[in-house]
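In what follows, a structure is listed as structure tokens, so that the remarks can point back to it.
The values are calculated or read from the model by the stated rules, or taken from the named source; none is laboratory data. Keep in mind that what you see is a predicted model, and the values were worked out from it rather than measured. Note that we place each Cβ from the backbone using ideal geometry, even for glycine, and neighbour counts take in every protein chain shown. Accessible surface areas use protein heavy atoms only, side chains included; no ligands, DNA or RNA. Shrake-Rupley method; radii C 1.70, N 1.55, O 1.52, S 1.80 Å.
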Amino acid sequence: MRQYICITVVKALLVLAVPAGVLVAAPSDVVDTLDHSALDAGQTWRRDLDLRRWSPDGFRDDLRHNIAKLGSQRGSDQTRVMMDVAELYMAHMLLFEAGSILAEVTPDTPVHKRRHRALSDAVRLLAGEAPTAVTPPFNTSPLAGNRPDRAFWASLDAIATSDVRRLSDNIEPSFGGLSTQPESVVRAVLPVLLEAAIELDKREYVDATLRLLDEMPELAGAESGTFLRARAAQKRGDAATALKIYLEAAEGWDQYAVRARLAVADMALADGGRGALLAAQSTLEGGSEAWRGGRYELEVLRRLERVYHALDNHPEAVLTLGRILLRFPERAEAAPIEAQAQELLADIYKAGGEGQYPLSAWVALHLRLLPYFRYTEGFTTQIETLGDYVLKLGSTDLAAKEYRRAVRILQEKQEEQGTSRAAEIFRLNMKLAQAQLQGGQFADARLTLELMDVSVAPEMEEAHQSLLAQTLSKLGDKPALLKASVDAPTAQHLRDVGLALSEEERWPQAADVLSQLWRTYPQDFSLQDATRLLIAAYRSEDQETLQQVTRSFPSLTPSKDLISLANSISEVRDNVLPLSAGGAAKRLEQLENAFESIANSGISP
């Protein structure tokens, strides 16, 4: 059946494409190498390359026969047999094997050199490979000589080099050249030439070839045949039929199925309707793992990103850009893609920081983005944005985790790239310590701060000193707190030091520090601060300060009882010295009761 189909295809193509008077060689059943001396002038092309000389069903016998001959041949004869084996492989479209053998052959005569060039060019063209910088031009190849399949090889070279004009000149006679090839080559190359005819709008050849596909079930039912029918319909303006057939082809797994998905996406993007875009999204997502590597995977990802963008699905768009950067980091397009991703990331994290995303959704997206962008320059800024936001919400553990993550990434970059990130790391460690402090992890905050090198960020030295002092206060480490050096103490630092001094009953120093708090930060001076200063001034017998703070009580509290209590303390201090020892003791007892009342009122620390 297969042989009958192949003969049918050959006859149809001959009628359509071969000019009158051109002789096409019939398949040869002879396995042995041709007797080149017996070739007439019109047959000499077969000496260079003739894939039809090998039996379509006799691969094993042909291979066994030639391998047996190799053992008995030497020199030039062995080279000839090696090239016969390469041609045999090529006749069955085993191109890698053919190329491997040719790579090991060193032709030693002009005839062998010519044949080796023809075979090597044929392997490249059948594989659809573009010529390299060192590849000789096709017009110098034996395949470009006086051969009945010259146009066939010329068309393949034009396709590989994207030479539209040369393809247009050769596409029609190339079908005649295809008819001189074995069945395996016809099955492999017919879709390529059909697509070329479709793109060049050679409708007569397109229609004839599509009819031939119906007689070749392995092609007609394959994704290649389905795709090409869709492309032919699209080329003729029948978009509805084309889309229907593209969707059918997109169910497959080969390169034509990938191209069908791309075609569906392009049609949807041109349409712009939400329904069409959602259909394209589903088609691309469903087949995104069907083809990995090369330009087709890249094109699928690029179309998918465009579809997401058109649907305003920025999170999925940036994730797709991340996949492109991860899979194709060396592509020339990587730099603009990364810039596009950076812009989208900034928008997403800005929106998150403004509360436009539910926190759970933002964190889930953040965790999906990390594998793609964690080492992208500037992504630590986005991590910091998330940390700042959740810290404001009171989620200190999550904030600390994100700040710590950003620090680790910068440390890794610093080690890998040899560039200093010390100032950025210092700033993030400050935020980490603040999160730890707010979360009650005082020991962790102290360790974070003490391991920091203040010299790398002198502009933040005061903030560092203040945060460390606050941490020491929370830890209750009064000796360390009192030794801490703070050039520009904050109100909280003065408050903490004043409390530490009070607890150690260093009343004069406590009064001095609390007085400094009052002078420097009058707006932050609270009733509780005034109470502590009142006690410290009383204990240190600082009558002037005692009177000043007593007078301030009416402005600090509306409580008449507390104002009266403060006044009583001042009055006792004014009159205690002249009293007898017994009276003094009684008055001091009253003061102790007054202090106890202050404590019970909830004012004292």
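Can you tell me what percent of all Cα-Cα pairs in the stretch 60-176 are more than 19 Å apart? If you can, show how the numbers build up before the last one.
Working: 3360 of 6786 pairs.
Here the tail beyond 19 Å accounts for 50 percent of pairs.
What is the stretch 70-185's relative contact order, in percent, from Cα pairs under 8 angstrom and six or more apart in sequence?
22
How big, on average over all directions, is the shadow cast by the Cα convex hull of the stretch 380-456, in nm²?
Averaging across all directions leaves 4.7 nm² for the Cα convex hull.
So what are the three principal axis dimensions of the stretch 329-386 from its Cα atoms, in whole Å, longest to shortest?
Dimensions of the stretch 329-386 along the principal axes of its Cα atoms: 37, 18, 16 Å.
Excluding residue 367 itself, calculate the net charge of residues whose Cβ lies under 12 Å from the Cβ of residue 367, where each Lys or Arg counts +1 and each Asp or Glu counts -1.
Within the 12 Å Cβ shell, the charges total +3.
Any idea of the accessible area per residue across the stretch 279-319, 1.4 Å probe, to the nearest Å²?
43
How much of the accessible area of the stretch 104-212, probe 1.4 Å, is carbon plus sulfur, in whole percent?
So the carbon and sulfur contribution to the accessible surface is 50 percent.
Could you tell me which trypsin sites (Lys or Arg not before Pro) in the stretch 89-129 are loop residues by DSSP with no more than 16 other beta carbons within 10 angstrom of their beta carbon?
none
Tell me whether the stretch 264-323 comes out rounded, prolate or oblate; compute the Cα gyration tensor, take square roots of the eigenvalues as a ≥ b ≥ c, and use a/c under 1.5 as the rounded threshold. Write down the numbers at each step before the final one.
Details: a/c = 1.98, a/b = 1.35, b/c = 1.46.
Oblate, since a/c reaches 1.5 and b/c is not below a/b.
Tally up the carbon and sulfur contribution to the accessible surface of the stretch 262-393 as a whole percent, 1.4 Å probe, everything protein left in place.
Within the stretch 262-393, the accessible surface is 52 percent carbon and sulfur.
Going by a ≥ b ≥ c, the root eigenvalues of the Cα gyration tensor, does the stretch 169-222 fall in the rounded group (a/c under 1.5), the prolate group (a/b larger than b/c) or the oblate group?
Oblate, because a/c is 1.5 or more while a/b does not exceed b/c.
For the full complex of protein chains and a 1.4 angstrom probe, list 348, 159 by accessible area with the highest value first.
Order by accessible area, largest first: 159, 348.
Just order 172-180, 456-464 by mean Cβ neighbour count inside 10 Å, highest at the front, would you?
Final packing ranking: 172-180, 456-464.
Determine the distance separating the Cα centre of the stretch 231-262 from the Cα centre of the stretch 340-363; give it in Å without decimals.
Rounded to whole Å, the Cα centres lie 37 Å apart.
How big is Rg to Rh over the stretch 219-303, alpha-carbon atoms, Rh as the Kirkwood inverse-mean-distance radius? Working shown, then result.
Numbers: Rg = 11.8 Å, Rh = 12.5 Å.
Looking at the stretch 219-303, the ratio lands at 0.95.
How much net charge surrounds residue 223 when only other residues with a Cβ under 10 Å from its Cβ are counted (Lys, Arg +1; Asp, Glu -1)? Write down the numbers at each step before the final one.
Values: positive: 259; negative: 248, 251, 254.
Net charge in that neighbourhood comes out at -2.
How are the Cα pair distances of the stretch 198-255 distributed, in percent, across 5 Å bins from 0?
Whole-percent P(r) values from 0 Å outward: 4, 21, 27, 27, 18, 3, 0.
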